[in-house]
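Please read the structure below before turning to the comments.
The values are calculated or read from the model by the stated rules, or taken from the named source; none is laboratory data. Here the structure is a predicted model, which is why all the values come from computation and not from measurement. Virtual Cβ from ideal backbone geometry, glycine too; neighbours counted across all protein chains shown.
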Ligand code: ADP
């Protein structure tokens with residue numbers, strides 16, 4: 001047995017008390033000639049005192065919340081002191097944790113966003129009041145239930161199962177269609193825990209839809225008067241009796257009217273794409289055929305770069321909305337034509353690989369400085385507005401490209417060197433690729 005190294009004064013006191021008692025028993029035993037009895041009496045008294053102290057300690061331990069520690073001397077007193085110190089420390093920590101928890105609860109309740117803590121299977125572990133209110137969660141009923149079983153919107157489920165939190169997802173409330181919520185996953189640093197943040201974005205959605213409606217309505221309203229003006233201008237331009245000094249102004253007016261109708265056409269197309277009004281009635285698109293036709297149309301243009309090449313590295317087709325994919329490529333191609341001098345060249349390329357299908361439009365034109373590239377797809381963003389206007393650009397072409405691509409889960413990459421040329425590449429997912437229909441191949445072989 002290992003003996004305690006340094007004994008405390010209380011331990012010394014207890015040991016010496018026992019020693020003195022035993023000595024006293026020996027002396028009394030020797031004096032009376034009944035040593036065994038003397039020892040037995042002294043030890044019985046000693047055991048009685050220890051038992052009494054043990055009982056007091058046990059009694060106090062049971063009622064330590066309401067009673068002060070017993071006043072015991074010696075080793076028992078030391079034990080009581082140690083136990084009460086441990087107890088006080090525990091009480092202090094518990095009070096701190098309780099205060100922190102209360103503070104955390106108050107903070108999460110005051111948060112303007114909803115928060116839901118999810119486990120590895122997306123089961124709900126905890127949520128704050130805001131999330132409960134917006135998602136209709138109830139503490140007792142919904143804890144442990146997988147969130148997909150409560151928020152069933154396909155876009156939300158797809159987002160939740162995705163690998164990257166990204167920008168989150170916006171979902172319309174199925175029970176109240178005027179409400180929209182945005183969901184965003186926040187990594188917690190713990191592999192088994194994810195925090196789902198919820199925001200009420202109904203107001204932003206409402207404003208966006210008002211803006212879209214306004215632009216669409218204004219564009220519609222402007223279209224008819226513009227048609228009248230263009231008609232009169234055409235008539236005036238053809239009028240032989242017109243004073244020749246008016247020829248140049250009328251030509252300029254026609255050019256400007258044409259620009260206005262291009263802007264209106266593009267605005268209408270963009271608002272249609274944005275509103276998601278057009279259903280995605282997808283069909284197989286013959287991309288090689290489409291590109292060949294677009295090349296032919298480009299070659300027929302009066303002002304164009306001298307070489308317009310087509311490289312087809314794949315015969316595959318693409319699933320999508322034909323006029324939207326056509327609009328994507330024709331916008332990119334018309335930019336390449338606009339921003340490339342006559343001695344330059346353009347290449348249209350289609351290829352497929354394990355990442356999907358890719359359409360690239362490369363030119364050897366003016367190129368774009370790197371600081372402009374991230375903003376090119378914003379509406380009305382132009383590197384050189386004067387040049388864009390002179391070339392009849394609406395400033396909306398690339399915004400249309402971005403939206404149409406988004407509707408096809410596609411992405412756009414832009415590589416450019418100022419003064420050397422640019423390459424705009426559209427990337428489509430492998431799931432959108434398909435082999436040309438058998439009857440098409442047969443017709444091609446026989447014809
Ligand atoms: P725009 O009608 O002005 O061409 P877009 O949205 O199609 O509008 O393009 C936005 C801007 O991006 C253009 O004003 C131009 O500055 C730049 N841009 C687009 N395509 C090219 C290109 N192929 N080469 C150089 N600059 C380009």
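Of the residues making up the stretch 190-241, those that are touching a helix residue (DSSP H, G or I) at 6+ places or on another chain (Cβ under 6 Å) and without any contact (Cβ under 8 Å) to a residue 24 or more places away in the chain are 236, 237.
The condition of being under 18 Å from residue 374 (Cβ atoms), surrounded by 14 or more Cβ atoms within 10 Å (Cβ to Cβ) and modelled with pLDDT of 95 or more holds for only one of 428, 424, that being 424. Restricting 344, 356 to those that are more than 16 Å from the ligand (Cβ to nearest atom), farther than 14 Å from residue 332 by Cα and touching a strand residue (DSSP E or B) at 6+ places or on another chain (Cβ under 7 Å) reduces the list to 356. Look at (1) within 11 Å of the ligand (Cβ to nearest atom); (2) touching a residue at least 40 places away in the same chain (Cβ under 8 Å); (3) under 24 Å from residue 267 (Cβ atoms) and you find that residue 377 fails only one, number (2). Looking at 349, 382, just one residue is over 14 Å from residue 415 (Cα atoms), more than 14 Å from the ligand (Cβ to nearest atom) and either surrounded by 15 or more Cβ atoms within 10 Å (Cβ to Cβ) or touching a residue at least 40 places away in the same chain (Cβ under 8 Å) (or both), and that residue is 349.
Residue 369 falls short on exactly one of the conditions (1) surrounded by 17 or more Cβ atoms within 10 Å (Cβ to Cβ); (2) within 12 Å of the ligand (Cβ to nearest atom), and that condition is (1). I'm trying to understand the selection: among the residues of the stretch 64-81, which are surrounded by 10 or more Cβ atoms within 10 Å (Cβ to Cβ) and either within 58 Å of the chain's Cα centre (by Cα) or over 19 Å from residue 11 (Cβ atoms) (or both)? Those that are surrounded by 10 or more Cβ atoms within 10 Å (Cβ to Cβ) and either within 58 Å of the chain's Cα centre (by Cα) or over 19 Å from residue 11 (Cβ atoms) (or both): 64, 67, 69, 79, 80, 81. Here residue 212 meets the list (1) modelled with pLDDT of 90 or more; (2) surrounded by 14 or more Cβ atoms within 10 Å (Cβ to Cβ); (3) in a helix (DSSP H, G or I) almost entirely, failing just condition (1).
Go through the residues of the stretch 400-413 one by one and say whether even a single one is near the ligand (Cβ under 9 Å from one of its atoms), part of a helix (DSSP H, G or I), touching a helix residue (DSSP H, G or I) at 6+ places or on another chain (Cβ under 8 Å) and touching a residue at least 24 places away in the same chain (Cβ under 8 Å). So far as the stretch 400-413 goes, yes, one or more of its residues are near the ligand (Cβ under 9 Å from one of its atoms), part of a helix (DSSP H, G or I), touching a helix residue (DSSP H, G or I) at 6+ places or on another chain (Cβ under 8 Å) and touching a residue at least 24 places away in the same chain (Cβ under 8 Å). The selection criterion, being closer than 30 Å to residue 130 by Cβ and touching a residue at least 40 places away in the same chain (Cβ under 8 Å), holds for residue 117. The listed residues are 94, 56, 17, and the only one of them that is assigned to a helix (DSSP H, G or I) and either closer than 30 Å to residue 181 by Cα or in contact (Cβ under 8 Å) with a residue 40 or more places away in the chain (or both) turns out to be 17.
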